[in-house]
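Please read the structure below before turning to the comments.
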Amino acid sequence: MTDKQRDVLLSIQDLHVWFELRRFGFGHAGYVKAVDGVTFDLHFGETIAIVGESGCGKSSLMKTILGLNKPTKGKVIFENLDVGALSGEALRQYRAHIGYVQQDPFGALAPFMNVQQILEEPLLINGVKDAAERERRVRKVMEEVKLTPVDDFLHKFPHMLSGGQQQRVVIARAIILEPKLVVADEPVSMLDASVRVEILKLLRGLQEKYHMAVIYITHDLSTVRYFSERVFVMYAGNVVEKAPVNSIVHNPKHPYTAALMDATSDPDANNALTMRELPPGEPPSLVNPPPGCRFHPRCPKRIENLCEVEEPYDLQADDHLVSCWLYK
Amino acid sequence: MNSFKRNLQEILKYPSAIAGSLIILLLVIVAGIVLATIPYSEAIRLWRGGEEVWYANPQYAPPAWINYFRKEKLPVSFSLDSLETDGEKIVTTFEDVDGTTSRTNITYTFDFQADVVPQEMSLYFDAVYVSKQPFVSIKWITPDGRELRVGDFGVDKRMTYRLSQDEKLKRRLGGVVPMVGLFADPNSETGVPLKGTYQLVLESVSFEKDSSIHAEFVFFGQVFGLAGTDHLRRDLTLPLLYGVPIALAFGLLAALGTSVLTMIIAAIGAWYGGWVDELIQRITEVNLVLPFLSILIMVGTFYSRSIWTILGVTVLLSIFTGGIKGFRAIFLQVKESAYIEAARAYGSSDIRVIFKYLIPRMIPLLIPGLVSSVPAFVFLEASLAILGLGDPVLPTWGKIINDAQTNAALYKGLYYWVLEPAVLLMITGLGFAMLGFALDRIFNPRLRGI
């Protein structure tokens with residue numbers, strides 16, 4: 001890999017995204033701390049996975065990267081551009097640099113537009129005025145995502161497509177502007193198991209071909225290895241572990257990661273008989289997170305008088321960065 | 001738009017929708033024909049015209065077809081003009097006596113089969129002379145061959161002779177009202193009219209070389225034409241027909257303007273939220289408690305009664321009503337959908353999101369509401385006209401009812417005057433309502449079980 005490719009594309013620095021809670025529509029009633037101090041760098045052409053259970057803040061993080069949420073504190077820097085400070089036209093233009101693949105492909109496609117109209121929209125909005133040029137690019141991208149023969153699909157409406165085909169249209173729309181970064185928010189969780197791998201392989205292929213950076217957000221660790229180089233594990237608004245994909249699967253360091261790994265269902269006949277040890281309890285409230293380590297109420301390896309008092313920071317453990325007092 | 005086509009095909013499954021569509025189609029065709037055949041200026045001239053336009057019509061005459069439902073047949077109005085000699089009903093003979101004196105005989109022949117005498121018979125003379133008046137003597141020949149002298153007099157250049165107002169004729173008939181006396185059957189004691197062929201003979205003598213005389217005989221029956229006449233002898237078919245395009249135009253424009261603007265404003269409020277939304281909601285709440293009709297009456301009384309002004313005020317006042325709340329509720333839901341998030345993610349502007357992503361989603365909901373709201377606006381326009389706040393120049397259905405009311409039509413038993421426009425209003429309302437209900441069921445499938 002060249003140096004250029006290892007340059008930082010997106011830099012997240014101590015990002016906080018808090019949503020204000022209001023009482024009766026005006027009085028202040030605290031904040032939902034959806035993202036609470038996240039820092040990482042994403043390089044050109046790199047794929048990372050962000051893993052965590054529902055409500056851990058991964059979608060809020062993603063929407064902040066897309067410029068749909070404003071950071072409360074901290075910065076999102078995209079190629080020397082401070083995303084949090086953008087507004088109006090500049091923000092609109094910035095958004096066009098990022099592809100967005102959503103979770104529910106049917107919901108992500110306007111039901112009253114056909115495939116051609118859907119795919120032309122990003123081009124129209126971003127100033128491709130020539131109709132022939134638009135059609136050429138639509139056809140090209142449809143071939144890329146293997147919606148072939150193109151003419152069969154061009155005039156179909158979303159409800160006439162299967163889930164996998166719908167997701168291909170969503171992916172086509174995300175890459176039609178040739179973005180440097182694609183954010184994929186659980187792109188396969190709503191699909192049949194049979195088409196998941198295909199869609200992931202397609203995304204992977206496109207990522208390699210165009211050298212896009214991809215942020216792959218999921219709650220399903222079993223799909224992570226198709227994709228990413230690094231895995232970030234999020235818990236209650238924090239990134240608790242950052243590690244290369246191979247080592248996290250075989251050697252999770254953070255007790256929460258270990259618990260997630262245990263909960264992952266591999267299609268292995270032996271698994272049918274083993275009982276899984278799930279961490280007890282619920283994910284904590286994001287309005288009043290527990291003091292100290294946020295995982296400590298559920299943690300099996302809790303250190304008394306430390307975990308519930310002091311917040312851990314990123315600690316090096318092999319090639320992992322773990323925010324857990326066990327590795328002090 | 002495929003689903004749209006499918007929905008339209010589904011209409012055929014609802015008989016009420018077919019009936020409603022047919023009614024609307026018929027009204028639209030009538031409106032088109034009316035506008036094509038009666039130009040606006042002509043309609044206004046006729047409607048605003050007085051005696052000189054409508055002199056040949058009877059006053060307060062019900063439509064001719066009510067005879068089909070009556071045992072006692074009423075006489076139908078007609079007029080015979082000596083300028084249009086047809087050789088049968090009107091026979092004109094001219095005889096030159098000595099170069100200066102000439103005789104002109106005009107004979108009007110008509111068949112009378114009614115059981116009631118006419119309102120009136122008149123002769124409208126049109127004489128040409130310089131100084132010496134032509135002299136005319138009039139004879140009345142009954143079916144049983146009796147000859148009655150009606151009158152003898154010199155004719156002015158333009159003159160109207162009303163038989164029922166001739167006191168001499170009344171005396172000659174023995175003090176009986178001329179219309180009864182002329183038609184009475186001598187063998188009957190109750191004075192029922194004699195049926196058969198009557199003749200009115202005008203024998204005129206002119207005393208100048210180029211002198212001539214014409215006369216139009218008008219028989220004012222008790223019934224007239226397809227729709228009858230009003231207090232100003234106007235043929236009611238004119239306002240009934242011309243009311244179709246006006247009612248449709250007002251109803252459709254008001255419904256379309258109201259629905260579309262309501263939807264756009266609701267979409268803007270829901271999308272931007274914050275103070276924009278607050279403002280729209282507060283305006284709506286204030287407007288909801290304001291009395292709609294009273295404001296329209298005030299505008300009509302103090303500002304203008306032009307139909308366009310009233311239309312504009314109606315639309316303006318109807319935008320900020322319950323509809324805006326309903327649309328807003330759905331828009332708030334649609335606003336959160338994933339495809340709108342995607343649109344924002346690839347850089348759609350706010351305006352584009354509102355018009356290209358929010359509003360198209362709502363069109364299936366808009367159409368049934370739009371169709372169903374048309375009758376309300378048609379009725380509103382009629383109500384204003386009935387209250388005397390209609391457009392002062394246009395012939396409309398509401399105007400007819402207003403005239404009928406001010407002339408105590410129901411008190412006088414002139415039911416046709418009120419019922420004709422009322423039935424048309426009801427049919428129009430029914431057509432749109434039937435189509436609207438069916439469309440509602442098609443576009444909102446959840447209602448189907450109910």
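Listing for the model above:
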quantity	calculated
Kirkwood Rh, Cα atoms: Rg over Rh of the protein assembly as shown	1.27
Charge dipole of region B:73-220 about the Cα centre (unit charges at C-beta), most positive-ward option of B:Pro143, B:Ala215, B:Val180	B:Val180
Charge tally in the Cβ shell below 14 Å around B:Glu420, where Lys, Arg are +1 and Asp, Glu are -1, B:Glu420 excluded	-1
Sequence ranges A:219-226, A:163-170, B:170-177, ranked by mean other-Cβ count within 10 angstrom, highest first	A:163-170, A:219-226, B:170-177
Formal net charge of residues neighbouring A:Val51 (Cβ-Cβ distance under 12 Å; K, R +1; D, E -1)	0
Mean Cβ neighbour count within 10 Å, used as a protection proxy, ranking B:30-41, B:407-418 highest first	B:407-418, B:30-41
Cα centre as origin, Lys/Arg/Asp/Glu Cβ charges: region A:79-212 dipole, Debye	200
Gain in span if fully extended, B:Ala36 to B:Leu332, counting 0.36 nm per residue against the direct Cα distance	101.9 nm
Straight-distance crosslink candidates among aspartates and glutamates, where the alpha carbon sits under 12 Å from B:Lys335 and sequence neighbours closer than 8 are dropped	B:Asp350
Average Cα contact separation per residue, region B:382-425, under 8 Å, 6 or more apart, as relative contact order %	33
Average beta carbon contacts from partner chains per residue of A:99-109, 10 Å cutoff	4
Per-residue average of Cβ from other chains inside 10 Å of A:110-122	4
Across A:Lys58/A:Lys180; B:Lys168/B:Lys195; B:Lys73/B:Lys399; A:Lys75/A:Lys201; A:Lys180/A:Lys242; A:Lys70/A:Lys242, pairs whose alpha-carbon gap is larger than 27 Å	B:Lys73/B:Lys399; A:Lys75/A:Lys201
Label-to-label distance, nm, for residues given as A:Ala263 and B:Ser16 (7 Å Cα→Cβ offset)	5.3
Selected from B:Leu253, B:Leu241, B:Ala270, residue furthest toward positive end of dipole (region B:175-328; charges at beta carbon)	B:Ala270
Per-residue [θ]222 nm for chain A (sum of -39500 (n - 2.57) over DSSP H runs n ≥ 4, rounded to 500)	-8500 deg cm²/dmol
Volume per residue of the C-alpha convex hull in chain B, rounded to whole Å³	220
Over chain B: helical MRE at 222 nm, DSSP H runs n ≥ 4 each giving -39500 (n - 2.57), nearest 500	-16000 deg cm²/dmol
Cα-based reach from B:Lys5 at 19 Å (exclusive), listing aspartates and glutamates while leaving out same-chain residues under 8 positions away	B:Asp440
For residues of B:346-353, the mean tally of beta carbons on other chains within 10 Å	6
Cα centre as origin, Lys/Arg/Asp/Glu Cβ charges: region B:73-220 dipole, Debye	480
Magnitude of the charge dipole, chain B, Cβ model with Lys/Arg +1 and Asp/Glu -1, debye to 20	2020
More than 21 angstrom apart: percent of Cα pairs within region B:73-220	44
Gain upon complete extension [B:Val128, B:Leu290; 0.36 nm per residue less C-alpha separation]	51.8 nm
Dipole of chain A, positive direction: furthest Cα of A:Ala29, A:Met190, A:Leu9, with charges on the beta-carbon	A:Ala29
Under 13 Å, Cβ to Cβ, from B:Ile319 - net charge with Lys/Arg +1 and Asp/Glu -1	+2
Burial order of peptide ranges B:90-100, B:350-360, A:102-112, A:82-92 (average beta-carbon count within 10 Å, highest first)	A:102-112, B:350-360, A:82-92, B:90-100
Relative contact order [Cα under 8 Å, 6+ residues apart], chain A, whole percent	19
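Read the figures in this text as sums done on the coordinates, not as results from a lab. In this text the structure is predicted, and so the values were computed from the model without any measurement. Every residue, glycine among them, receives a Cβ derived from its backbone with ideal geometry; neighbour counts consider all protein chains shown.
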